[in-house]
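These notes concern the structure reproduced below.
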Amino acid sequence: MGRAAVKLVLLVSAAVMALGVAGAAEKGGTLVFAGAADPTYLDPAIVSDGESFRVAQQIFEGLVDLKPGRSDIRPMLAKSWTTSKDGKTWTFQLQRSVKFHDGTPFNAAAVCANFNRWYNFSGPFQDASATYYYQAIFYGFKRNEVSTLSKPLYNSCRAKGKYTAIVKLNKRNGPFVMALALPAFAMQSPTAMAKYGANNAEIRNGTFYPTGDYAFKHPTGTGPMKFSEWTVGQRVVLVRNKQYWGKSQYAKSVDRIIIRPISNNTARVQALQNQELNIADLLAPQDVGTVQGNSRLKVFNRPSFNVAYVTINSSKAPTNNILVRRAVAHGLDRASVVRAFYAGRAVVAHEFMPPSLFGWAKDVQKYPYDPEKSKSLLRQAGLSLPVEIEFWYPTGVTRPYMPDPKRNFEAFAASLEQSGFKVIAKSAPWRPDYVKEVNQGTAGNLNLIGWSGDYGDPDNFLGTFFQEYNPQFGFRNAKITDLLNRAEQETVVAKRAKLYQQANREIMKFLPGVPYAHTKPAIGAEKRIRNFVPAVTGSDDLYPVELGGQ
Amino acid sequence: MLRYVVRRLLLLVPILLGVSVLVFFWIRLLPGSPAESLLGERATPELVAAYRERYGLDEPIYEQYAKYLRSITDFDFGVSVATHRQVTDEIKDRFPATVELAVAAMLFATLIGIPLGFVAAKKYGSFIDHASLFVSLIGISIPIFFLAIILKYVFAVRLGWLPSVGRIDVTIEAEHPTNFYVLDAIITRDWATLWDVIKHLILPAIALGSIPLAILARITRASVLDVQNEDYVRTARAKGLAPMTVDRRHVLRNAMLPISTILGLQVGLLLSGAVLTETVFAWPGMGSWLRDAIFNRDYPVLQGGILFLAFVFVMVNLIVDISYAFINPRIRYS
């Protein structure tokens with residue numbers, strides 16, 4: 001072989017090796033992920049914040065889980081489930097050979113122990129700050145000690161053999177099984193909870209406070225990661241659960257996850273740029289360009305699961321007139337606002353729930369920007385132009401669905417003024433006045449606000465807004481209420497989808513507000529990150545992540 | 001001396017009582033309550049009312065204050081509304097971080113500020129003197145958060161020489177028996193961790209130390225200029241003592257009195273939590289904690305945290321006053 005040939009072979013081998021290194025994932029390794037704050041507690045049943053759920057999502061599993069990057073559910077600790085004809089009895093067939101991190105078996109008895117734990121919560125645990133999601137889904141406890149609680153949805157749980165759990169409800173409820181994907185309803189080891197005092201708590205200076213060690217040092221689930229250490233203000237360390245029942249899936253995934261709190265947005269991005277992190281959540285819109293411009297980094301999109309909207313208060317004149325509400329809808333230049341202020345990270349919303357959720361309807365009435373139509377509707381309502389209208393916006397806040405409220409407001413006000421309105425601008429600090437005034441219905445005719453979803457069910461959007469009288473919107477509509485009640489009580493998803501589609505059509509006909517944006521929050525990460533699929537709710541699965549070569 | 005110390009310690013009681021009154025009423029003058037702050041969009045009128053009832057915010061304010069006083073006499077500062085952790089536990093975790101940063105910042109300020117001021121005075125009117133004036137002016141005029149951002153951008157983000165956030169590389173497994181990381185690394189003889197902790201301290205310490213540095217340089221310069229024209233200094237020179245000896249024994253020692261006063265005040269201020277620096281560098285100390293507490297209207301944290309810092313401030317100043325006696329034997333406390 002000539003010298004040139006040897007050189008060629010060496011060169012090709014080197015190139016192949018280099019490609020191999022660049023392309024292959026390193027086995028194991030440590031993933032450093034930054035959120036905005038510490039978790040509150042490590043017991044998911046007593047928290048309601050995203051940072052706590054993020055940690056819980058790695059340690060615990062529920063009977064069901066959300067599909068990666070989607071809002072519909074998949075089996076998790078329950079292999080399958082059926083509902084009785086009356087919709088009150090749910091039978092869950094459980095995975096076998098699953099163990100909690102403390103070595104105790106996961107079975108139907110453990111499922112019932114968890115349900116009964118929530119149902120029997122008393123004293124401090126009935127505080128809304130402790131069991132917000134239990135109260136939102138199950139309404140009440142075995143013995144309600146707070147006047148705002150209602151009759152519980154849950155009735156009982158029975159273990160039939162080792163791997164069948166039968167849960168009985170007091171009435172039909174569709175969102176029940178969807179809501180079980182919330183980390184708040186994850187399965188926890190009954191033995192560990194008893195051993196480390198998970199059910200001990202008190203109200204100290206008016207605040208719920210667990211007095212046992214469980215919620216701080218011993219969270220025990222069945223998930224792919226086990227809790228190792230929590231240094232408040234600095235890090236939560238999770239290590240791979242080598243006994244995990246589905247371990248073969250994650251052979252190349254990271255074997256340690258460190259979740260650190262960095263509250264300042266800029267500091268989080270800079271730490272990512274400086275290689276102190278692998279993934280930074282909650283990227284501010286102005287930082288997206290910085291991450292995109294860095295050759296080592298990339299931006300992940302969290303699927304849209306929120307809605308920004310302008311409420312139209314129907315209890316006030318002149319917006320108590322449907323013609324005026326329609327004029328408002330045609331007078332809001334939503335497409336321009338989304339184009340100008342969302343940096344390509346949002347789509348125009350046409351209804352009050354994101355398109356990814358079942359029940360979203362293609363054919364709701366749409367209100368394209370049309371100043372002339374708006375003016376003619378106002379004249380039809382017998383009003384002389386310009387029509388005065390009070391429009392409120394919040395200050396001192398950015399939300400995932402509303403990164404710059406003031407500019408959104410200014411653009412909307414300009415387009416309304418083109419459409420026959422005279423806008424009377426009012427602003428208030430988000431904390432504490434704005435939200436209070438809007439929710440009490442004491443703010444303007446029009447108000448900028450929005451919502452981020454908690455779990456994959458339309459009830460979390462439409463039910464929250466419109467199922468009962470809501471002063472924010474100031475109207476009663478029997479048809480909409482009836483549709484939402486029926487949808488809540490239906491257990492067949494296809495039927496529920498149809499009911500919600502009908503509700504969406506009715507809502508957009510009635511126009512209690514004008515939805516204008518569904519945004520895709522951004523996450524910054526190193527390019528070498530693989531198998532990271534952002535979750536719609538923010539509770540990302542970090543355990544499948546692989547670290548590729550640099 | 002003992003009587004003086006006891007009297008100063010007894011004075012702590014009215015001071016802390018005054019601070020507790022001020023803090024208690026000041027935070028209640030801020031608009032809003034924890035309910036609206038924490039619930040956000042979910043703050044329905046019913047939930048807000050339930051929160052107010054639970055926190056006792058619907059009780060008369062004097063009753064709330066009386067309750068608060070009773071609890072702090074038991075050293076119970078309550079539980080944070082936002083994090084749900086005990087305020088005393090949070091202080092235990094966070095105060096060492098603030099102390100470490102304050103000490104590093106003061107070391108930086110002292111080691112550069114005092115020599116700079118001394119040299120400027122000795123070379124009065126020279127280029128060095130003007131340069132020190134310039135450095136001092138910059139140190140005092142640049143907003144601390146701006147300097148912090150610039151330092152971070154240049155030395156962390158652009159050059160990648162130093163870390164940009166936190167006290168330690170989070171992937172390091174190290175023991176922290178005292179929570180003072182420098183000390184911990186030395187105790188456990190973990191030199192790699194020590195180096196990492198020092199690297200994390202450099203940028204925030206420079207940012208935080210810039211103002212004390214400028215002040216110390218100016219005070220040292222002025223003080224040395226005063227002292228070096230005193231009769232006893234001229235006499236010492238006339239006796240033929242070496243210039244170094246005159247400077248060390250007569251000039252510096254006498255010039256140190258006003259410097260130590262400033263030093264004490266600055267240490268007290270730095271320990272009170274460097275809100276901006278801690279926020280920019282995501283430093284898990286008292287400053288960033290109190291900042292978040294203001295945003296969250298976290299009454300127990302603000303009340304407990306500020307009272308604790310007032311105590312620290314008074315104690316540091318007491319220690320400085322006592323240290324005068326050692327620096328200058330002419331001072332006698334009674």
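The values are calculated or read from the model by the stated rules, or taken from the named source; none is laboratory data. Everything numeric in this text was worked out from a predicted model, so none of it was measured. Cβ placement follows ideal geometry from the backbone for every residue including glycine, while neighbour counts extend to all protein chains displayed. Ligands, DNA and RNA are excluded from the accessible area calculation, which covers all protein heavy atoms including side chains. Shrake-Rupley method; radii C 1.70, N 1.55, O 1.52, S 1.80 Å.
Key figures
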{"item": "Calculated P(r) tail over 16 Å for segment A:409-467, as whole % of Cα pairs", "result": "58 percent"}
{"item": "Relative contact order (%) - criterion: Cα under 8 Å, at least six apart; region: segment B:235-334", "result": "28 percent"}
{"item": "Peptide-level mean, for B:150-159, of C-beta atoms on other protein chains within 10 Å", "result": "3"}
{"item": "Between 0 and 90°, nearest 10: helix B:286-296 axis offset from chain B longest Cα axis", "result": "30 degrees"}
{"item": "For q = 0.13, 0.17, 0.20 Å⁻¹, Debye-computed log10 I/I(0) when each Cα of segment A:193-259 counts as one equal scatterer", "result": "-0.49, -0.73, -0.88"}
{"item": "Lys/Arg +1, Asp/Glu -1 at C-beta; chain A dipole; positive extreme among A:Gln273, A:Val337, A:Ala108", "result": "A:Ala108"}
{"item": "Distance from segment A:242-280 to segment A:389-420 (C-alpha centre basis), Å", "result": "36 Å"}
{"item": "Lysines whose Cα lies under 21 Å from that of B:Lys239, excluding same-chain neighbours fewer than 8 positions away", "result": "B:Lys122"}
{"item": "Segment A:428-502, relative contact order in percent, only Cα pairs under 8 angstrom and at least six apart counted", "result": "23 percent"}
{"item": "Average beta-carbon neighbours from other chains, 10 Å sphere, peptide A:264-272", "result": "6"}
{"item": "Inter-chain Cβ neighbour average for residues B:282-291, partner chain, 10 Å", "result": "3"}
{"item": "Rounded to the nearest 20 debye, dipole of chain B from Cβ charges on Lys, Arg, Asp, Glu", "result": "1720 debye"}
{"item": "Accessible carbon and sulfur surface of chain A relative to its total accessible area, %, 1.4 Å", "result": "51 percent"}
{"item": "Gyration tensor verdict on segment B:200-334 (Cα atoms; rounded if a/c is under 1.5, prolate if a/b is larger than b/c, oblate otherwise)", "result": "prolate"}
{"item": "A/B buried area, accessible surface, summed, 1.4 Å probe, Å²", "result": "4100 Å²"}
{"item": "Å³ per residue enclosed by the Cα convex hull of chain A", "result": "177 Å³"}
{"item": "Chain B - convex hull of alpha carbons, volume per residue in Å³", "result": "186 Å³"}
{"item": "Restraint check, A:Lys79/A:Lys226; A:Lys366/A:Lys509; A:Lys527/B:Lys152; A:Lys151/A:Lys171; A:Lys362/A:Lys498; A:Lys88/A:Lys495, Cα-Cα greater than 19 Å", "result": "A:Lys79/A:Lys226; A:Lys527/B:Lys152"}
{"item": "Sorted largest first, extent of segment B:117-174 alpha carbons per principal axis (Å)", "result": "51, 25, 18"}
{"item": "Cα convex hull volume per residue for segment A:254-381 (Å³)", "result": "171 Å³"}
{"item": "Residues of segment A:252-368: accessible area per residue with a 1.4 Å probe, Å²", "result": "35 Å²"}
{"item": "Taking segment A:305-396 and dividing mean pair separation by its residue count, relative contact order in percent (alpha carbons under 8 Å, at least six apart)", "result": "36 percent"}
{"item": "Estimated FRET transfer efficiency when R0 is 25 angstrom, pair A:Asp102-B:Ile172 (beta carbons, to 0.05)", "result": "0.35"}
{"item": "Dipole axis of chain B (+1 Lys, Arg; -1 Asp, Glu on Cβ), positive-most option in B:Ile262, B:Ser20, B:Ser71", "result": "B:Ile262"}
{"item": "Hits among aspartates and glutamates - C-alpha to C-alpha of A:Lys252 under 20 Å, sequence gap 8 or more where chains match", "result": "A:Glu26, A:Glu526, A:Asp540, A:Asp541, A:Glu546"}
{"item": "Acute angle (nearest 10 degrees) that the helix B:87-122 long axis makes with the longest principal axis of chain B, alpha-carbon atoms", "result": "20 degrees"}
{"item": "Within straight-line cross-link reach of B:Lys92, aspartates and glutamates at Cα separation under 14 Å, skipping those fewer than 8 residues along the same chain", "result": "B:Asp76, B:Glu100"}
{"item": "From the C-alpha gyration tensor of segment A:142-290, square roots of 5λ in Å", "result": "34, 23, 19"}
{"item": "Rounded tilt (10° steps) of B:127-141 against the dominant C-alpha axis of chain B", "result": "10 degrees"}
{"item": "Dipole in debye (nearest 20) - segment A:415-550, about Cα centre, beta carbon charges: Lys, Arg +1; Asp, Glu -1", "result": "400 debye"}
